[in-house]
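Any read-out appearing in this document is the output of simple, stated calculations on the displayed coordinates, not a laboratory observation. Computed from a prediction, not measured in an experiment: that's the story for all the values here.
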Amino acid sequence: MNAPQRGSRAWSTVCAAWQARIDQAGGWPCRRCGQPIPPNDRAAWQLGHPNDMTTGTTRLTDLAPEHAHENMSAGATAGNHARSGTGEPTWAL
């Protein structure tokens, strides 16, 4: 199943489910850095996807919480590389 479009009602539902999971676990490791994402702090994280988007689609199972600043930084870096024609960088997740 493909991931829902960011900003849609379905996306909000997926984020709410992840927030409940983070809260219940007392925190969750960030996919990018491994440091904890605190419970009960929705502003601290964003639902991120792998940077290697060569398939053009993201599956629902590819999504995972990442610290907000790390997710935005990775997206900016990928966008800059794509615009410069150097291709999208890939990171080990």
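Quick notes on this structure:
- One chain, two ends: A25 and S84. Fully extended at 0.36 nm per residue, the span grows by 17.2 nm beyond their Cα-Cα distance.
- Here's how it looks for C30: its modeled amide H is under 5 Å from those of Q35, I37, which are all 5 or more places away or on a different chain.
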